[in-house]
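Notes follow the structure.
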Amino acid sequence: DAGITQSPRHKVTETGTPVTLRCHQTENHRYMYWYRQDPGHGLRLIHYSYGVKDTDKGEVSDGYSVSRSKTEDFLLTLESATSSQTSVYFCAAARQGTETQYFGPGTRLLVL
Amino acid sequence: DQQVKQNSPSLSVQEGRISILNCDYTNSMFDYFLWYKKYPAEGPTFLISISSIKDKNEDGRFTVFLNKSAKHLSLHIVPSQPGDSAVYFCAASAPTGTASKLTFGTGTRLQVTL
């Protein structure tokens with residue numbers, strides 16, 4: 001358990017508005033990840049970070065950006081939310097040298 | 001292209017019996033495999049993993065089997081308990097040189113009945 005919290009836990013927003021989701025971890029894990037979970041797709045990687053200010057794209061990165069200015073925080077931003085971004089978003093973290101990722105409780109986002 | 005497949009969306013098993021959840025993969029570069037359990041409104045929880053150098057890993061009631069030639073792994077839960085009712089995700093990782101990246105299957109919903 002990496003002591004991962006996500007905020008907010010639920011959010012309703014309108015199409016076209018910017019949205020930022022926050023992930024915070026307390027275990028000093030080097031790697032952090034953002035996933036989205038949708039029916040029929042499992043969890044899909046959006047972006048990940050391999051260190052402070054070091055990020056890279058995942059499988060479904062279009063429409064999303066991330067930032068990591070501190071080891072413990074990883075932010076996911078939807079610059080202009082669309083209805084297709086309605087989903088449940090999970091943050092995860094992993095220790096360097098291991099494959100196991102530990103997940104936060106999720107953020108349920110509804111874009112109207 | 002789904003590189004990790006869980007072809008059974010759901011499975012129902014009686015309490016005390018064995019639950020077998022299956023997962024197939026197509027990418028021969030995958031060398032580490034994990035199972036996660038997910039309850040509604042919670043994040044996935046790591047359950048058990050296996051490296052490609054092994055064919056079996058056991059942890060209490062949970063055993064994962066890996067058949068590399070068939071690109072197939074399975075999770076056995078013995079005996080099944082009502083608290084095991086959840087969605088189970090299979091995930092796989094390939095060497096990247098930096099952060100590990102997991103590819104997930106679509107999940108199998110297990111229901112353990114009394």
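Derivation of every value follows stated rules applied to the coordinates shown; laboratory data play no part. Nothing here was measured: the structure is a model prediction, and the numbers come from that model. With ideal geometry, Cβ positions are generated from the backbone for all residues, glycine too; neighbour counts draw on all protein chains shown.
Considering only Cα-Cα distances, which of the following residue pairs are longer than 20 Å: A:LYS57/B:LYS68; B:LYS5/B:LYS38; B:LYS56/B:LYS101?
Exceeds cut-off: A:LYS57/B:LYS68; B:LYS56/B:LYS101.
Let's see if you can work this out: charge +1 on each Lys and Arg Cβ, -1 on each Asp and Glu Cβ, no other charges. What is the dipole magnitude of the stretch B:4-113 about its Cα centre, in debye to the nearest 20?
With Lys and Arg at +1 and Asp and Glu at -1, about 180 debye.
For chain A, with a Gaussian network of springs between Cα atoms less than 10 Å apart, report the residue from A:GLN96, A:GLN25, A:GLN85 with the top mean-square fluctuation.
Highest fluctuation among the options: A:GLN96.
Cross-link candidates for A:LYS53: which aspartates and glutamates have Cα within less than 17 Å, leaving aside residues fewer than 8 places away along the same chain?
The qualifying aspartates and glutamates are A:GLU72, A:ASP73.
Using Cα-only point scatterers and the Debye equation, what is log10 of I(q)/I(0) for chain B at each q in 0.09, 0.15, 0.23 Å⁻¹, rounded to two decimals?
Summing over Cα pairs of chain B leads to -0.22, -0.61, -1.35.
Against the empirical 2.2 N^0.38 Å scaling, what ratio does the C-alpha Rg of chain A come to?
Rounded to two decimals, the normalised Rg is 0.99.
So between B:GLU15 and B:GLU42, what do we pick up on full extension, going 0.36 nm a residue minus the alpha carbon distance?
Value of the extension gain: 7.4 nm.
Can you tell me, using C-alpha contacts under 8 Å and at least 6 residues apart, the relative contact order of the stretch B:4-113 as a whole percent?
37
Compute the signed sum of charges (Lys and Arg +1, Asp and Glu -1) over the other residues within less than 13 Å, Cβ to Cβ, of B:TYR32.
+1
Connecting C-alpha atoms closer than 10 Å in a GNM of chain B, tell me which of B:ALA92, B:ALA41, B:ALA70 has the biggest fluctuation.
Highest fluctuation of the listed residues: B:ALA41.
Between A:LYS11 and B:SER52, what is the label-point separation in nm under the 7 Å Cα-to-beta-carbon projection?
Here the modelled spin labels are 3.8 nm apart.
Treating only the Cβ atoms of Lys and Arg (+1) and Asp and Glu (-1) as charged, compute the dipole magnitude of the stretch A:5-111 about its Cα centre; round to the nearest 20 debye.
220
Once R0 is set to 30 Å, what does the formula 1/(1 + (r/R0)^6) return for the Cβ-Cβ distance between A:SER80 and B:ASP1, expressed as a FRET efficiency to the nearest 0.05?
E between A:SER80 and B:ASP1, to the nearest 0.05, is 0.55.
Build a GNM of chain B with springs between Cα atoms under 10 Å: which of B:LEU66, B:LEU102, B:LEU21 gets the top mean-square fluctuation?
Maximum fluctuation in the GNM of chain B, among the listed residues, is at B:LEU102.
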